[in-house]
Every structure is written in structure tokens, then in C-alpha cells.
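What follows is one structure encoded as C-alpha cells, with my remarks underneath.
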Amino acid sequence: MDLGLTGRWALVCASSKGLGRGCAEALAAEGVNLVLNARGAEALEATAAALRQAHPGLEVRCVAGDISQPGVQAAALAAAPQIDILVNNAGGPPPGDFRDWEREHWLAALEANMLTPIALIKAVVDGMAARGFGRVVNITSGAVKAPIDVLGLSNGARSGLTGFVAGLARQPRLAGANVTINNLLPGAFDTERLGKTMAASAERSGQALEQALEQVRQQRAQGIPARRFGTAAEFGAVCAMLCSAQAGYLTGQNILLDGGAYPGTF
Ligand code: NAP
């Protein structure tokens with residue numbers, strides 16, 4: 001199906017690797033011009049080069065820097081003639097025990113995973129409404145629906161974003177102007193971040209690292225009804241679908257992509 005996105009412009013935050021890159025690749029395959037962002041300039045340029053090679057007709061621009069910094073947000077927004085699609089993403093907060101977290105830890109999580117997406121949404125949605133097309137996809141986490149104890153900073157900050165978006169997406173001046181805002185909730189996806197989390201569990205096991213890592217991988221995958229981790233390409237494909245011209249009536253939703261891991265009926 002043609003998703004009707006040819007010639008649109010997307011800002012995909014935190015997109016040199018992992019799920020953000022998966023979204024950028026899927027949008028590029030639909031003919032969307034891109035502004036990519038990540039802190040590490042080298043990996044960012046390598047991703048942009050791969051995308052330009054695969055899609056020579058597209059414009060792919062890069063803005064390196066921490067997306068939670070206002071100056072980086074401004075540069076990313078200014079890099080495109082207009083933003084038709086915004087994919088909000090950033091690294092997740094570290095795991096831990098809430099007894100060890102001080103105010104500054106909470107503020108960092110809120111900055112990256114709640115206030116930054118809200119600032120970017122604020123910068124783009126009224127222009128989208130005036131032009132009669134806009135799609136915002138926030139990459140959050142399955143932890144919003146089923147909290148993970150050690151990821152309290154993520155549970156809290158992302159739930160704050162989710163609550164805010166639920167109200168905003170339903171404003172008639174946005175929903176009535178073909179501007180949709182949805183959240184994509186990843187379960188376990190095979191990215192660098194997941195690898196790091198599993199390596200930490202393997203190290204704690206005290207066994208030989210490679211063997212322990214394989215054991216942790218297998219155990220985690222066996223706990224998922226799909227018996228495997230998701231791929232960034234699968235994640236990106238759903239993101240592109242949410243951004244499609246056809247998805248104009250789909251707004252304010254939380255779409256869980258987890259291979260069936262969440263056990264509830266709703
Ligand atoms: P990843 O493989 O580690 O990739 C993260 C990407 O974001 C990289 O391109 C990284 O590049 C960039 N990035 C990180 N912090 C940034 C910042 N402050 N500003 C700009 N770019 C930044 O991670 P992922 O697995 O794709 O995860 C993406 C998001 O989904 C995270 O918030 C994660 O917590 C969440 N999530 C992932 C899973 C999973 O299973 N993978 C599950 C639930 C939730 P630089 O480091 O160079 O900046």
C-alpha cells in the first residue's frame with residue numbers, strides 16, 4: 001500500500017541507531033525527507049550516508065547533539081522547510097532503586113522523556129494544523145502499560161508524557177485538522193540498548209560472560225509469546241503506518257508492540 005507520504009519532511013529524534021533508525025528507514029522507504037539526530041556525530045553521519053545511498057532522491061540532513069538541549073531542538077526544527085512528521089525519541093533513563101535517586105535524577109528523566117517531546121510537539125503542531133496534515137509519534141515504552149520496577153524513572157516520566165498527550169491529541173483544533181498524536185510502546189527489541197541491559201544481567205550472574213549472555217537472551221525471549229525479540233524494521237514499519245495519509249482517524253492511542261508479552265485483554 002502506498003502510504004501517501006512522498007515528499008513529506010520528518011524529524012526523527014535519536015535516530016542513528018535502534019528504534020529511531022528503524023523509523024527513519026521505514027519513512028525513507030515511503031519517500032519522506034529526513035532530519036536525523038543523535039549525540040554521536042560519527043554514527044549519525046554513517047546512518048545518513050546509508051539512507052542517502054539507499055534513497056538517492058531524498059534529502060537527509062543531520063543535526064548532532066543531545067535532543068533535550070533547547071539549542072539542539074531549535075537546530076533540528078530549523079533543518080527542514082517544515083516538519084510534517086515528528087518522531088520523538090531519546091535514550092531511556094537508567095535503572096535503579098528510587099531510594100538512590102535525587103531530584104536531579106528525576107529532572108534529567110523528565111527533561112529527556114517528557115519535557116523534550118512536549119517542547120517539540122509545541123513547536124510543530126499548530127503549523128501542521130494550518131497545513132492540514134501532521135503526524136506525531138512518541139516512542140515511549142511498554143513500561144507505561146506494565147511498569148518495570150527497576151525502571152521507575154522511565155515509568156514515571158513516560159507516563160507523564162502519555163497523560164499529557166492523551167489530552168492534547170483530542171483537541172479539536174488538532175484532531176479536526178488532520179494532526180494525529182500517538183505513542184508507540186516497545187516491548188523487547190533487539191537493539192544496542194537491549195544488549196546492554198542483558199549484558200548487565202549476565203555480569204551479575206557470575207558465570208562466563210558469553211555463556212551467561214546467551215542464557216539471559218534465551219530466557220528473555222522464552223518469556224515472550226512470540227519467542228523472540230522484535231526488530232527495528234518491524235518497529236519502523238508500524239511507525240510509518242501511523243504516519244500514513246490513511247491513518248488520519250487514529251489519534252491519542254498507545255500502540256503496544258511486544259510480541260504478546262503484555263498479558264491483559266485490553
Ligand atoms: P539504542 O539502540 O540505544 O539507540 C538509541 C539512539 O538514540 C541512538 O541513536 C543514540 O545515539 C540516540 N540517543 C540517545 N540519547 C539521545 C539524546 N539525548 N539525544 C539525541 N539522541 C540520543 O536504543 P533503542 O533500543 O532504540 O531505544 C530507543 C528508546 O526506546 C529508548 O528511550 C528506550 O528506553 C526505549 N525502549 C527500548 C526498548 C528496547 O527493547 N529496545 C524497550 C522499551 C523502551 P547517541 O548515543 O549517539 O546519542
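Output ³J(HN,Hα) for the range 20-27: one whole-Hz value per residue in order, computed from phi by the Karplus curve 6.51 cos²θ - 1.76 cosθ + 1.60 with θ = phi - 60°, and x for Gly and Pro.
Result, rounded to whole Hz: x, 5, x, 5, 4, 5, 5, 5.
Amide H of R39: which non-local residues (sequence gap of 5 or more, or other chain) have their own amide H closer than 5 Å, using H built in the peptide plane?
G65
Scan around C62 for amide H atoms under 5 Å from its own, H built in the peptide plane at 1.01 Å from N, and keep only partners 5 or more places away or cross-chain.
L36
Straight-line reach from K145: which aspartates and glutamates fall under 12 Å, measuring Cα to Cα and dropping same-chain residues less than 8 apart?
D258
Quick one: if you stick a label point 7 Å off each Cα along the C-beta vector at A108 and R61, how many nm between them?
So the label points at A108 and R61 sit 3.1 nm apart.
Of all GluC sites (Glu not before Pro) in the range 33-97, which ones are in loop regions per DSSP and have a Cβ with at most 12 other Cβ atoms within 10 Å? Please report the intermediate quantities before stating the final value.
Numbers: sites: E42, E45, E59; in loops: E59.
Those that pass, being in a loop and sparsely packed, number zero.
Kindly state, to the nearest 0.05, the FRET efficiency for A245 paired with E45, given R0 = 45 Å and r defined as their beta-carbon distance.
About 0.90, to the nearest 0.05.
Using amide H atoms built 1.01 Å from N in the peptide plane, name the residues 5+ places from V136, or on other chains, whose amide H lies under 5 Å from its own.
For V136, whose amide H was placed from the backbone, the distant partners under 5 Å are L86, T180, I181, N182.
7 Å from Cα along Cα→Cβ at both E203 and D190: what's the point-to-point distance in nm?
2.4 nm
Rank these for me by crowding, H55, H105, going from fewest to most other beta carbons within 10 Å.
H105, H55
Order these by the 10 Å Cβ neighbour count, fewest first: V35, V216.
V216, V35
Based on alpha-carbon centroids, what's the gap between the range 214-266 and the range 7-54 in Å, whole number please?
20 Å
Restricting things to alpha carbons, tell me how big the chain is in terms of Rg and Dmax, in Å.
Values for the chain (Cα only, Rg and Dmax): 18.2, 59 Å.
With no other cysteine's Cβ closer than 4.7 Å, which Cys residues of the chain count as lacking a disulfide-compatible partner?
Lone cysteines by the Cβ rule: C13, C62, C243.
Starting at the first residue of the range 72-86, write each ³J(HN,Hα) from the Karplus equation 6.51 cos²θ - 1.76 cosθ + 1.60 with θ = phi - 60°, in whole Hz, x for Gly and Pro.
Result, ordered by residue: 6, 4, 4, 5, 5, 5, 7, 6, 10, x, 7, 9, 8, 10, 10 Hz.
Just to compare against my own numbers: the Cα pair-distance distribution for the range 192-266, 5 Å bins, whole % per bin, please.
Using 5 Å bins, I get a P(r) of 3, 13, 17, 18, 17, 13, 8, 6, 3, 2, 0 for the range 192-266.
Springs between alpha-carbon pairs under 10 angstrom, Gaussian network model over the chain: which of A129, A233, A208 fluctuates most?
Evaluated over the chain, the most mobile residue of the options is A208.
Relative to the longest principal axis of the chain, what angle (0 to 90°, nearest 10) does the C-alpha long axis of helix 209-222 take?
The answer is roughly 60 degrees.
Using a cut-off of 16 Å between alpha-carbon atoms, which lysines can reach K17, once sequence neighbours fewer than 8 places away in the same chain are excluded?
Reachable lysines: K196.
Put a dot 7 Å past each Cα toward the Cβ at R131 and Q215; how far apart are the dots in nm?
Result for the modelled spin labels: 5.3 nm.
Would you work out the relative contact order for the range 1-126, in percent, from Cα pairs under 8 angstrom that are 6 or more residues apart?
Values: 195 pairs, mean separation 32.7, N = 126.
Here the relative contact order equals 26 percent.
Explain nothing, just compute: Karplus ³J(HN,Hα) = 6.51 cos²θ - 1.76 cosθ + 1.60, θ = phi - 60°, for every residue of the range 39-51 in order, whole Hz, x for Gly and Pro.
Running phi through 6.51 cos²θ - 1.76 cosθ + 1.60 with θ = phi - 60° gives 6, x, 5, 5, 5, 5, 5, 5, 5, 4, 5, 5, 5 Hz.
Using the 10 angstrom Cβ neighbour count as an exposure proxy, how do D100, D126, D84 rank, fewest first?
D100, D126, D84
Quick one: compute the contact order of the chain, relative version, from alpha carbon pairs under 8 angstrom and 6+ residues apart, as a percent.
22 percent
None of the figures in this text is laboratory data; all of them are computed from the coordinates on show. Treat the numbers as computed from the prediction; the structure is a model and nothing was measured. With ideal geometry, Cβ positions are generated from the backbone for all residues, glycine too; neighbour counts draw on all protein chains shown.
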